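Structure record follows, encoded as structure tokens.
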Amino acid sequence: MRDGADTLAYGECETVIKVALGDRSYPIVLGERLLSSAGQWIAQAVPGARCAVVSDRNVAALYMAPLKASLDRHGLFLGEAVVSPGEASKSFAVLAPLCESLLELGVERGDCIVALGGGVVGDLAGFAASILRRGVRVAQMPTTLLAQVDSAIGGKTGIDTRQGKNLIGTFHQPSLVLADVSVLSTLSPREFRAGYAEVVKYGLLGDAPFFAWLEANWPKVFAAAGAERRHAVETSARAKAKIVAADEREEKGTRALLNLGHTFGHALEAFAGYSDRLLHGEAIAIGMRLAFTFSAEFGLCSAADAARVEKHLSAVGLPTKIAAIPGGTPAPEALLALMAQDKKVKGGKLAFVLVHGIGQAFVERDVTLPRLTEFLARECAAG
Ligand code: GLY
């Protein structure tokens, strides 16, 4: 045991965090250079299953060979299916041929899909696994910071349609999450920073000491693979595991807290066309700052906490203002329309994740449109 009943240390290298879901419980295995021992972990998690690996071209070029070699050593490798990188792969147009490729590889009911990549690959491959032969198992091998701390854990899968993001999908828990922290070194600084916004989110929504630790240690988290980076990933993964175990299907309000900054953030992403203009994590950074400022303006949280959040996000180089989006600022009405589309308006009110302070998020179902309109008008006008 390392620290806590849900965390076991295996050897000196890996940490195993349990996602406690009864007979669907699974481990998150976190450590360095896990690609080369993936076969061993997968053989333990899904005994007897053969593996079809789904990845994207960029990730496959870097990591398919060592993963295949490890799976081969255990006689597990069935084949691979490689899609184009980018959000456009989360579509029916890519899902259909992917499912057919997996059937052609000979994936059977007892086999396992291995999702090797970031959020797009994880969501797409997880969804394919959930519908292939009425459901086969999936092992998530997240290769981005965002996927390691959030999207690979918890079983949300899906694709986008022209009506919106993630509107078609399933809950399909993986059998294993294998997070090799050493692969984060190949991320671009911008991508790493965007993923870091989701790390900060765990501190802001429920763990004030972790936020304070990030304020003090972020340069080491960013600098290189090391103890601090691993601590940040582990703490985030542990927080996500706990939230998923408490509210797997987002029915009790706990999992909804993971949407801190996301109602504002999704609207900003939609405004920027889900493009390189604004990465998901950058939108969430602006969204979290807006959630704190909004909460402070309405006396729910202290101005000092809102200022601390803005200071930390700015210190690491994340955007915090709507005006920071390159290529133009949205009109407040346009943003409001996008937010209303993202979250259903009920009786002229929107549900939001707001805060009583750092580490104290809650769901507020009573945010009125006039209040929000006035706030957004000010924020969109602010330079
Ligand atoms: N990424 C939000 C969730 O898993 O619920």
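The values are calculated or read from the model by the stated rules, or taken from the named source; none is laboratory data. What you see is a predicted model, and the numbers here were worked out from it, not measured in a lab. Cβ atoms come from the backbone with ideal geometry, glycine included; neighbour counts cover every protein chain shown. Ligands, DNA and RNA are stripped out before the accessible areas are found, and what is left, the full protein with its side chains, is counted by its heavy atoms. Shrake-Rupley method; radii C 1.70, N 1.55, O 1.52, S 1.80 Å.
List of remarks:
- Listed by position, the helices (runs of 4 or more DSSP H) inside the stretch 227-332 whose residues that are touching a Pro at 6+ places or on another chain (Cβ under 7 Å) number at least 1 are 262-271, 280-297.
- Residue in the stretch 306-328 that is farthest from Leu279 (Cα to Cα), counting only those that are open to solvent by 60 Å² or more (accessible area, probe 1.4 Å) and at pLDDT below 95: Gly327
- A single entry from Leu116, Leu35, Leu78 fulfils the requirement of being among the hydrophobic types (A, V, I, L, M, F, W, C), farther than 19 Å from Thr143 by Cβ and open to solvent by less than 70 Å² (accessible area, probe 1.4 Å): Leu78.
- Just one of the numbered conditions (1) farther than 23 Å from Lys156 by Cβ; (2) modelled with pLDDT under 95; (3) outside any loop (DSSP other than H, G, I, E, B) is not true of Arg2: (3).
Let's see how each residue does on (1) part of a helix (DSSP H, G or I); (2) of a type in the set (Lys, Arg); (3) open to solvent by 50 Å² or more (accessible area, probe 1.4 Å):
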{"residue": "Lys18", "(1), (2), (3)": "no, yes, yes"}
{"residue": "Asp23", "(1), (2), (3)": "yes, no, yes"}
{"residue": "Ile28", "(1), (2), (3)": "no, no, no"}
{"residue": "Val59", "(1), (2), (3)": "yes, no, no"}
{"residue": "Leu62", "(1), (2), (3)": "yes, no, yes"}
{"residue": "Leu71", "(1), (2), (3)": "yes, no, no"}
{"residue": "Val82", "(1), (2), (3)": "no, no, yes"}
{"residue": "Glu108", "(1), (2), (3)": "no, no, yes"}
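- Filter pass, Asp247 being modelled with pLDDT of 95 or more, of a type outside the set (Gly, Ala, Ser) and within 16 Å of the ligand (Cβ to nearest atom): yes
- Positions within the stretch 136-150 being more than 15 Å from the ligand (Cβ to nearest atom) and either within 12 Å of the chain's Cα centre (by Cα) or open to solvent by 20 Å² or more (accessible area, probe 1.4 Å) (or both), in sequence order: Arg137, Thr143
- Residue match in the stretch 151-158 (condition: part of a helix (DSSP H, G or I), within 16 Å of the ligand (Cβ to nearest atom) and not aromatic (Phe, Trp, Tyr)): yes
- Of all residues in the stretch 225-269 being of a type in the set (D, E, K, R) and closer than 25 Å to Leu34 by Cα, the one that is most open to solvent (accessible area, probe 1.4 Å): Lys242
- Residue within the stretch 177-192 that is within 16 Å of the ligand (Cβ to nearest atom), of a type in the set (S, T, N, Q), open to solvent by 10 Å² or more (accessible area, probe 1.4 Å) and closer than 27 Å to Leu278 by Cβ present: no
- Odd one out for Ala272 among (1) open to solvent by 50 Å² or more (accessible area, probe 1.4 Å); (2) at pLDDT below 95: (1)
- Sub-7 Å Cβ pairs linking a first residue in the stretch 235-247 that is within 15 Å of Pro174 (Cα to Cα) to a second residue that is open to solvent by less than 10 Å² (accessible area, probe 1.4 Å) and away from the ligand (no atom under 12 Å from the Cβ), at least 6 apart or interchain, are Ala237/Ile17; Ala237/Ile28; Ala237/Leu30; Ala237/Gln148; Ala237/Ala179; Ala241/Ile17; Ala241/Ile28, ordered by first then second residue.
- Within the option set Leu103, Leu76, Leu35, Leu67, being closer than 30 Å to Gly164 by Cα and in contact (Cβ under 8 Å) with a residue 24 or more places away in the chain holds for one residue only, Leu103.
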